[in-house]
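What follows is a short report on a single structure.
Where a number appears in this text, it was derived from the coordinates with a stated rule and is not lab data. Predicted, not measured: the structure shown is a model, and the values here were computed from it. With ideal geometry, Cβ positions are generated from the backbone for all residues, glycine too; neighbour counts draw on all protein chains shown.
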Amino acid sequence: MGYRLLADAVMLVHFAFLAFVALGGFLAWRRPRVLVLHAAAVEWGLVSVFAHVSCPLTAWEDRFRRLAGEHGLARGFIDTYLTGVVYPREYLPAIQLAIGCLVVASWVGLVLRRRRHRMSIRRAPRRRAILSPGRDDRSRERA
């Protein structure tokens with residue numbers, strides 16, 4: 001029972017990671033520090049897709065399933081849970097391209113938002129600092 005729970009937990013983490021790869025750029029619009037993590041996640045996604053490097057999460061889930069007495073993952077994570085289940089196998093290249101476009105759109109949107117924010121700061125009228133009553137009085141006495 002414990003290994004099955006671990007396998008299910010790894011599977012959920014894997015789905016969350018894939019969602020972060022696809023949508024994390026939009027999260028960076030609100031939390032810019034997330035961009036570094038998102039760039040690393042996207043890089044890992046590209047390496048795993050184009051260089052056919054196995055994801056350690058897939059290996060962990062497979063191992064935990066086997067230790068629980070179940071069949072392990074005969075294919076990779078995406079092939080087991082998404083390709084042929086959520087979308088037909090022949091759509092895989094189109095899905096990968098759509099996710100890539102989504103990532104690029106989120107990053108372009110982030111750059112445009114940051115530029116617009118910087119421009120609005122430059123255009124904003126400058127306000128005089130309000131001094132505390134004690135400091136204000138002393139500065140008048142010296143003048």
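Normalising the Debye intensity of the chain to I(0), with uniform scatterers on Cα atoms only, and taking log10 at q = 0.10, 0.16, 0.20 Å⁻¹ returns -0.52, -0.95, -1.21. Placing dummy labels 7 Å off each Cα toward the beta-carbon, the span from LEU27 to TYR3 is 3.1 nm.
Report, in whole Å, the centroid distance computed from the Cα atoms of the stretch 68-110 and the stretch 1-38. About 14 Å separates the Cα centre of the stretch 68-110 from the one of the stretch 1-38.
Residue by residue, the stretch 102-119 carries 3J(HN,Hα) couplings of 4, 5, 4, 4, 5, 6, 4, x, 5, 4, 5, 5, 5, 4, 5, 5, 5, 5 Hz when phi is fed to the Karplus relation 6.51 cos²θ - 1.76 cosθ + 1.60 (θ = phi - 60°); x denotes Gly or Pro. Remark on GLY84: its backbone amide H falls under 5 Å from those of ARG89, a criterion applied only to residues 5 or more positions apart or on other chains, H modelled at 1.01 Å from N.
Among 84-95, 65-76, 8-19, sorting by the average number of other beta carbon atoms lying within 10 angstrom of each residue, highest first, gives 8-19, 65-76, 84-95.
Taking label points 7 Å from Cα along the Cα-to-Cβ direction, HIS117 and ALA94 give a separation of 3.6 nm. Listed values for the stretch 45-62 are Karplus-derived 3J(HN,Hα) couplings in whole Hz (6.51 cos²θ - 1.76 cosθ + 1.60, θ = phi - 60°), namely x, 5, 4, 5, 6, 8, 9, 6, 8, 6, 7, x, 5, 5, 5, 5, 4, 4, and x replaces Gly and Pro. Placing one equal scatterer on every Cα of the stretch 1-83 and applying the Debye formula, the log10 ratio I(q)/I(0) at q = 0.15, 0.21 Å⁻¹ is -0.60, -0.96.
Taking the longest Cα principal axis of the chain as reference, the axis of helix 133-142 is set at about 40 degrees. Residues in the stretch 14-31 carry Karplus couplings, in order, of 5, 4, 4, 4, 5, 5, 5, 4, 6, 10, x, x, 6, 5, 5, 4, 8, 10 Hz; the curve used is 6.51 cos²θ - 1.76 cosθ + 1.60 with θ = phi - 60°, and Gly or Pro positions show x.
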